[in-house]
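Written below as structure tokens is the structure these notes are about.
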Amino acid sequence: MDSQTKNCQNCKKDFTIESDDFAFYEKMKVPVPTFCWKCRAIRRMCFRNMRQLYIRNCDATGKKIFTLMPPDNPMPVYDNDYWRSDAWDPMKYEKNYDFSNAFFEQIKELYNSVPWGIMWSMDMVNCEYSGGVSFSKNCYMCFDSGYDEDCMYNVTVLYSKKCLDSINLKDCELCYYCINTNKSYKTLFSRNCTSCVDVWFSQDCIGCTNCFGCSGLKNKSYYIFNEVYDKATYETKIADLKLDSWSGIKSAKNQAKNFWEKCSVKFYHGTQVTKSFGDYLYNGTELRNCFFVGNAQNMKHCQSVIYPPNQDSMDVTSSEGTELAYEVFCCGNGVRRSIGLAECSNVYDAYYSINCRQSNNLFGCVSLKGKEYCILNKQYTKEKYLEMIPKIIKHMNDMPYIDALGRVYKYGEFFPTDMSSYGYNQSQAFEYFPINEQEAKKQGYRWHEANERSYQITKKSSDLPEKIEEVSDEILKEVIQCEHDEFKKHKDGCNLECTRAFKITLQELQFYRQMDLPLPRLCFNCRHIDRVAWRNQPKLYKRKCMKPGCQNEFETSYAPDRPEIVYCEACYNQEVA
């Protein structure tokens, strides 16, 4: 079948259904999408709050808990241990399917009545102030992470120890303010690095030790801004940078940024991929228009799909172990032959279900465990279930859900965004596709209005000592004003929920002392967004290799107006060899 051009229901822009996409839609028995790939991704990401914690009482035990579910949402919230236990039965919330009401109205009602808990929070020791964290110990303000110890202020960090203020780390120790870094030790203020030791303010480096401000180096030592020095000279120059002081860190960050912008870069981030296009791709083949995808095969329009195996799927976000999956979000440990899932684990042949695990043959279910042949949390025989599913699909097409902006949701579409419990600025969508409040509301998304924070600030960030050696334990009592709030930058600068103030914990202070690092000047939210800005946005541009004489063309996330010198892979490998 030839490719087709469609007009997106949401952004009203044209998008293309490629000829080879039709075979997948036929295999999944779904119609072609009516939203473009970006609006489909946003729609899924609107259902995830990754790092905004709230204090609530468990609706079962009364225990005070920290939860990712905002207090103004209607569903009960349970403590994670209680939610996973057999003390309550989600089947008691069963509903008969109503053919006189749109399906999405019915699943919304069920979703808002069944108790909620975080699927991915389990086996934690002293990690109460974290969300979506498993198999970890002594972690504070960590999110979407696992198998960590003594970590703080991280998002998506795995198998790591004593790492702070980082995003997308794996197998790291004593790393600070890094993003997209693996198998590294004492790597600081760096991005896209692997197997590095004692590396500062560097990008795209592999196997390097004792380097500062470098880009694209492999197996090098004692380099500063890609120039080699002997050990004694290197140590003298590093000492001159005064990296133990706040002014030294700020100066080094600006120098590194200016140097990076003059460097040659490969048109995409990643290794060992074939027949693929997108960015941040690893160990895969036929990854098309994918971002942060690895260990995968034949995936399209996917984001944050890293851990294997993943294959033969489309429109999957923040999931692992997917096969023949479509419009699936934040699922893992095996999801096969399924459509429209959120926060599910080990499910097969499931449709439009949320927070379910170890189940199969579900349609429109919430929080079921070890069940099969259920619709809206009601048990059916296999025969009756198979008889009803075609009728429900027909009903979804004959009586679609229509939202306030007139967008039509039939079978094959993901959950409507007005079902989401979160504002756009609370969700994963805000980090991938940042927009302001006015634009979000124009597109029909909720926007979370920040609560007034009346902290009694006791110290301005500008009054913090230059060096950690000047900081006494009295700092643990201080309420420190975020630099963005002090200089009134949080409204126009961050466009996020600046918390206005923050405190230093004992564990955090001990880390800064061990690493001889100055205290931060920004709150956790502002620091996080500052690091997010270090990665390229998930948007591709058609460009040519900038190596003189090379005519190779490619799609890259480096926009044409950016200053970097963008090379094809062959020219880049020659440059950095």
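Numbers below:
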| read-out | value |
| --- | --- |
| Phi to ³J(HN,Hα) by Karplus 6.51 cos²θ - 1.76 cosθ + 1.60 over the stretch 32-37, Hz, x for Gly, Pro | 5, x, 10, 10, 5, 4 |
| Asn96-Glu553 FRET efficiency (beta carbon distance; Förster radius 51 Å; 0.05 resolution) | 0.35 |
| Calculated SAXS-style log₁₀ I(q)/I(0) at q = 0.14, 0.17, 0.23 Å⁻¹ - the stretch 155-266, Debye, Cα scatterers | -0.49, -0.74, -1.29 |
| Shape box of the stretch 49-205 [Cα atoms, principal axes, largest first, Å] | 62, 34, 25 |
| Estimated Rh, the stretch 196-327: Kirkwood, alpha-carbon pairs, angstrom | 16.6 Å |
| Relative contact order of the stretch 459-532, pairs being alpha-carbon contacts under 8 Å that are 6 or more residues apart, as % | 39 percent |
| The stretch 128-175 - Rg over Rh from alpha carbon coordinates, Kirkwood radius | 0.88 |
| Kirkwood-based Rg to Rh ratio, the chain, C-alpha trace | 0.98 |
| Assigned charges on the beta-carbon of Lys, Arg, Asp, Glu; the stretch 155-266 dipole about Cα centre (debye) | 220 debye |
| Spherically averaged projected area of the stretch 1-111 from its Cα convex hull (nm²) | 10.6 nm² |
| Listed residues Tyr572, Asn112, Trp200: farthest to the positive end of the dipole of the chain (Cβ charges) | Tyr572 |
| Among beta bridges that DSSP assigns inside the chain, antiparallel share in %, nearest 5 | 20 percent |
| Percent RCO, i.e. relative contact order, over the stretch 155-266, from Cα pairs under 8 Å lying at least 6 residues apart | 12 percent |
| Rounded D (µm²/s) - the stretch 459-532, Kirkwood Rh over Cα pairs, Stokes-Einstein at 37 °C, 0.692 mPa s | 259 µm²/s |
| Length gained when the stretch Phe277-Glu575 is fully extended (0.36 nm per residue, less Cα-Cα span) | 105.1 nm |
| Cα centroid separation - the stretch 192-230 against the stretch 34-83, whole Å | 40 Å |
| Rg/Rg_ref, the stretch 87-141, where Rg_ref = 2.2 N^0.38 Å and atoms are Cα | 1.67 |
| The stretch 262-334: proportion of alpha-carbon pairs further apart than 21 angstrom, % | 17 percent |
| Reach of Lys266 by Cα under 18 Å, taken over aspartates and glutamates that are not fewer than 8 positions away in the same chain | Asp204, Asp279, Glu553, Glu555, Asp561, Glu564, Glu569, Glu575 |
| Within straight-line cross-link reach of Lys467, lysines at Cα separation under 20 Å, skipping those fewer than 8 residues along the same chain | Lys186, Lys237, Lys242, Lys250, Lys253, Lys459, Lys477, Lys503 |
| Fraction of the pair-distance distribution of the stretch 306-388 above 18 Å, Cα-Cα pairs, percent | 32 percent |
| Peptides 167-180, 84-97, 21-34 ordered by average Cβ neighbours within 10 Å, highest first | 167-180, 21-34, 84-97 |
| Point-charge dipole on Cβ atoms (K/R +1, D/E -1) for the chain, about Cα centre, debye to 20 | 700 debye |
| Per-selection metrics, the stretch 491-577 (Cα): Rg and Dmax in Å | 19.9, 57 |
| Alpha carbon centroid spacing (whole Å) that separates the stretch 86-120 from the stretch 333-361 | 15 Å |
| Within straight-line cross-link reach of Lys441, aspartates and glutamates at Cα separation under 15 Å, skipping those fewer than 8 residues along the same chain | Asp403, Asp418, Glu449 |
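Read-outs throughout are calculated quantities, based only on the coordinates presented, and are distinct from any laboratory measurement. What you see is a predicted model, and the numbers here were worked out from it, not measured in a lab. Reconstructed Cβ throughout: ideal geometry from the backbone, glycine too, with neighbour counts over all protein chains shown.
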